[in-house]
Amino acid sequence: MTVVHQPRVAWEGARAFVSAADSDAYWWLTDMVGRYFGTAYQLNLAETRLRLQREDAVFPETGAWRVRLEDLLRARPELAPLLAQLTVETSDRLHR
């Protein structure tokens, strides 16, 4: 049995999502977020991308995504492994 530390998964996901929002990985990630988490999260990612282009919003956006993802995992804990995998894949795409 694997223990998943949800706050850590949410934090790592938030960091990867915000980094990807301002990169070419955004296009892949927005599709994945929409597919697995829904259009509301996809819209949030689009809004993050816009804010990052207009202002220095990395820290506030990362905090907002951490809370969003923690809420998601509280409501749907079975998504933790999926979020962890999506975070790894996103990070890999950022470092290509």
Step by step: first the residues of region 36-73, then only those that are surrounded by 12 or more Cβ atoms within 10 Å (Cβ to Cβ) and among the aromatic types (Phe, Trp, Tyr), then the one that is nearest to residue 14 (Cα to Cα). Which residue is that?
65
Quick test of your reading of the structure: residue 41 fulfils all but one of (1) under 19 Å from residue 4 (Cα atoms); (2) touching a Lys or Arg at 6+ places or on another chain (Cβ under 8 Å); (3) not polar (S, T, N, Q). Name the failing condition by number.
(1)
Looking only at region 74-88, decide whether some residue is basic (Lys, Arg), surrounded by 12 or more Cβ atoms within 10 Å (Cβ to Cβ) and within 19 Å of residue 6 (Cα to Cα).
yes
When the residues of region 51-67 are narrowed to those that are part of a helix (DSSP H, G or I) and modelled with pLDDT under 95, which ends up nearest to the chain's Cα centre (by Cα)?
53
Assess whether residue 70 counts as being among the acidic types (Asp, Glu), touching a residue at least 24 places away in the same chain (Cβ under 8 Å) and in a helix (DSSP H, G or I).
yes
Matching residues in region 22-50 (hydrophobic (A, V, I, L, M, F, W, C), assigned to a helix (DSSP H, G or I) and closer than 13 Å to residue 87 by Cα) number 4
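The values are calculated or read from the model by the stated rules, or taken from the named source; none is laboratory data. What you see is a predicted model; the values in this text were computed from it and never measured. Ideal geometry is used to build each Cβ from the backbone, glycine not excepted, and the neighbour counts take in all protein chains shown.
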